[in-house]
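Asker: One structure, as structure tokens, below. Some questions next.
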Amino acid sequence: MRFRNSVHILIDNFVNVYKLLLYRLVTSCIFFSLLYVVLDLGLYSIIHSTELGEIFRLIGEFFRAIATGNSDQYLQGFQDLFAEAVKNFGRLLLANIGSIVGSVIGAALLYLISRFANGLAVFAVGSALNDRMNLCARTPFASAYFKNVGRAALYQVIYVPLAFLYDLISLLICWFFFFYALSFLPLVLTISLAVTGVIALQALKFTLASGWMPAIIAGEKRVLAAFKESLTNGRSFGRRYSCFLAEIYIIVIVNVLGALCTLGSALLLTVPMTFLSLLAMQFVHYYEDNGKKYFISFRKIAHSGEEAEAAGK
């Protein structure tokens, strides 16, 4: 019932997908431009070095030798030449370790800032989604954005680092599990289990944080109080987790198939739709767990899993 209601709400608010898309296109252009500047300034001497150029030259000659059928003759001295080129490139990296560390830190900071900026838009869409569910009103994106920018900024300042650390730890756990299980399990099964672990941990993250944003927007609670309430909420934990687990699997399938079948163009819609579908699920869980009525569509109101015609109420 909750899953079905969230799908109806996603469809009813699908126009927000295009607003998120436009916002993310603008911010992506800005942050990728800044990332290019940071990496070019920090790694210029490495990218344009003769050592790296020699590695690419040897690789190019290797494939040309294979294409022309002279691979056996070429391979006689290729390994020594390539090993020497790699050693020279390694010495270059050690000599520029400060620039590399600085570039990595700069790229990480830009990534966090981009998540913060995109999170402001997600919070604004969440506010508009709540107005639709609570009042059956359609709030303009700009109005919701500037109205909630203060609360959204505080929420993102806390959420972005926590989510980043959680995602990093989750990937490291699955990474080490992959190499450990690879020693006694087939490769395909190991990859399958590692992917399952990543998805299961992501579902856990969304389950624990599912009531945070809705409590701020719909419950009018302070950011830290809403965070504490979301973490300690044990109501319908299994139901919430199973819904998020199923939804993340569907999201992965839709994005992968869309990317493969349309050469990536479908991602322009499926990626922002992913954020909207997760928002819809979070707000449905919050309203259901707190016994609140909410609009599924213009003519239908839901409360505790039951639907009634709005006109008859």
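The values are calculated or read from the model by the stated rules, or taken from the named source; none is laboratory data. In this text the structure is predicted, and so the values were computed from the model without any measurement. Note: ideal-geometry Cβ built from the backbone for every residue, glycine included; neighbour counts use all protein chains shown. When the accessible area is computed, the model is the full protein with side chains, heavy atoms only, and any ligands, DNA or RNA have been set aside. Shrake-Rupley method; radii C 1.70, N 1.55, O 1.52, S 1.80 Å.
Asker: Name the pairs: first residue in segment 176-200 and over 24 Å from R240 (Cβ atoms), second residue in a helix (DSSP H, G or I) and of a type outside the set (A, V, I, L, M, F, W, C), Cβ to Cβ under 7 Å, at least 6 apart or on different chains?
Answerer: F177/G197; F178/T190; A181/T190; L182/T190
Asker: Any residue in segment 293-313 that's modelled with pLDDT of 50 or more: show its pairings with residues that are among the β-branched types (V, I, T) at Cβ separation under 6 Å, as long as the two are six or more apart or on different chains.
Answerer: The qualifying pairs are K293/I301; F295/I301; A302/I296.
Asker: Can I ask one more? From the list I251, I296, exactly one residue is crowded, with 16+ Cβ neighbours inside 10 Å and farther than 30 Å from L171 by Cβ. Which is it?
Answerer: On inspection, the qualifying residue turns out to be I296.
Asker: Just to be sure, is I55 in a helix (DSSP H, G or I) and without any contact (Cβ under 8 Å) to a residue 12 or more places away in the chain? Spell out how you get there, then give the answer.
Answerer: Values: in a helix (DSSP H, G or I): yes; without any contact (Cβ under 8 Å) to a residue 12 or more places away in the chain: no.
Considered against the rule, which asks whether it is in a helix (DSSP H, G or I) and without any contact (Cβ under 8 Å) to a residue 12 or more places away in the chain, I55 comes out as no.
Asker: Can I ask one more? Does L268 satisfy the criteria of being within 24 Å of R115 (Cα to Cα), open to solvent by less than 70 Å² (accessible area, probe 1.4 Å) and modelled with pLDDT of 90 or more?
Answerer: No, not satisfied.
Asker: Okay, next question. Can you name the residue in segment 29-45 that is in contact (Cβ under 8 Å) with a residue 12 or more places away in the chain and open to solvent by less than 70 Å² (accessible area, probe 1.4 Å) and is also farthest from the chain's Cα centre (by Cα) among such residues?
Answerer: Here the residue is S45.
Asker: Out of all the residues in segment 213-228, which are in contact with a Phe, Trp or Tyr (Cβ under 8 Å, 6 or more places away or on another chain) and free of Cβ contacts under 8 Å to residues at least 60 places away in the same chain?
Answerer: Once the filter is applied, which keeps residues that are in contact with a Phe, Trp or Tyr (Cβ under 8 Å, 6 or more places away or on another chain) and free of Cβ contacts under 8 Å to residues at least 60 places away in the same chain, segment 213-228 yields only A226.
Asker: For L22, state whether it is within 21 Å of the chain's Cα centre (by Cα), modelled with pLDDT of 85 or more and assigned to a helix (DSSP H, G or I).
Answerer: Yes.
Asker: Quick one: which helices (runs of 4 or more DSSP H) lie wholly within segment 222-303 and hold at least 2 residues that are closer than 27 Å to T196 by Cβ and among the aliphatic types (A, V, I, L, M)?
Answerer: Qualifying helices (runs of 4 or more DSSP H): 237-261, 267-289.
Asker: While we're looking at this one, here's another question. Please enumerate the residues belonging to segment 46-70 that are under 18 Å from K87 (Cβ atoms) and either open to solvent by less than 80 Å² (accessible area, probe 1.4 Å) or within 30 Å of the chain's Cα centre (by Cα) (or both).
Answerer: I46, S49, E51, L52, G53, E54, I55, L58, I59, F62
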